[in-house]
1. Using a 1.4 Å probe on the protein heavy atoms only, what accessible surface does residue 95 show? Give it in Å² to the nearest 10.
2. Using only the Cα atoms, what convex hull volume per residue in Å³ does the range 245-318 have?
3. Suppose every K and R has +1 on its Cβ and every D and E has -1 on its Cβ; what is the size of the dipole of the range 268-342 about the Cα centre, in Debye to the nearest 20?
4. Could you sort 184, 168, 135 by accessible area so the largest value comes first, with the probe set to 1.4 Å?
5. Rounded to two decimal places and with Rh computed the Kirkwood way over Cα pairs, what is Rg over Rh for the range 186-342?
6. Along the charge dipole of the range 267-342, which of 338, 278, 293 sits closest to the positive end, that is, farthest toward it, with unit charges on the beta carbon of Lys, Arg, Asp and Glu (+1, +1, -1, -1)?
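The values are calculated or read from the model by the stated rules, or taken from the named source; none is laboratory data. A quick note: this is a predicted structure, and the numbers were derived from the prediction, not measured. All Cβ positions, even for glycine, are placed from backbone atoms using ideal geometry, and neighbour counts span all protein chains on display. When the accessible area is computed, the model is the full protein with side chains, heavy atoms only, and any ligands, DNA or RNA have been set aside. Shrake-Rupley method; radii C 1.70, N 1.55, O 1.52, S 1.80 Å.
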Amino acid sequence: MSILDIFNNDAFSTVSMLDTVDSMDYQPDGLGNMGIFTPRPVRTETVAIESRNGVLGLIQTSQRGAPLEQANLGKRKLRDFRTSRIAKGDRITASEIAFVRGHGEEQQVVMLQQEIARRLSGPEGLMSQMELTMENMRLGAIQGIVTDADDSVIYNWFTEFGVSAATEIAFNLAAMTAGDLRIECNKVSRAMKRASKGAWGASARVHAMCGDNFWDELTSMDEVRAIYLNRGDSQYVQGGGAFESFVYGGIVWENYQGTDDNSTVAIGSDLVKFFPTNAPGAFLEVLSPGEQFSHQGQLGQRAYPMIVRDLARDTYVDLETYSYPLLVCTRPAMLQSGRRGA
């Protein structure tokens, strides 16, 4: 039986492939698992985002019967932003799948499905690489600047929304005395809440993603340790280790775990990045539809896997995976950043 005949089975149709991808577990990812990005599937390649610079203000008192002061809605700006394409392929040659020859059709289908699942969702599979790319974009979004694999800027949300990035805070942790860190926590929280322009809900929290050196010095501070020791429990021991988290000063502090090389997807060792959680709409994950005719007019999906066959020579099939995301920070003025040292 020709290899192409096996791939003509319904198990390898686009619909079946989509169902397979939807049922796969993505590799663990810190920001992706936090649920801070609101999914926004769209039917187009672009999404329109409106920004306003309006702020709350006091109303001047007036005499009865006097003309009313009219509300100033502020300047509005409507802009279109295009989603990016993430795409990668993996070729399976006829010689690589020769082991399926000589079995019944059902067994051939099962073995090919297993091989495709490995190529798609294995530790180095296409979906794992795509998820890592998405995590890199999310990491950029919580800092206000989404970058590509080559570190070029895809979107600078500070520039796009016409706001200035907050001045980096110097956390001289080694020189802080009792209470100093708590004061800095309050400053960060106040700045973020005021910059939210009323969008800070009752359940919103400040989250701090820390680099390794910042985390180590933070968790060794007497001020941090004392709050847990005084409570008489072991939560500090449980929550202060590498790549763990704990709460202090109204902020959730976490040691961010990126790639093992601590550079491809990572937060600088001496840095800390502050962003809001439980703030719906603060971060968006826009998903556009794929490029095939059947995708047009449909809401975008997280990933589009394809099998492209060598119809001319019957020597290979290409696995291809596509995604069309746009990671948006809608309120970049809320974002804060800090650095260990004076």
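1. Accessible surface of residue 95 is approximately 90 Å².
2. It is 171 Å³ per residue.
3. That gives the range 268-342 a dipole magnitude of about 520 debye.
4. From most exposed to least exposed: 168, 184, 135.
5. On the way: Rg = 21.8 Å, Rh = 19.1 Å.
So for the range 186-342, dividing Rg by the Kirkwood Rh gives 1.14.
6. 338
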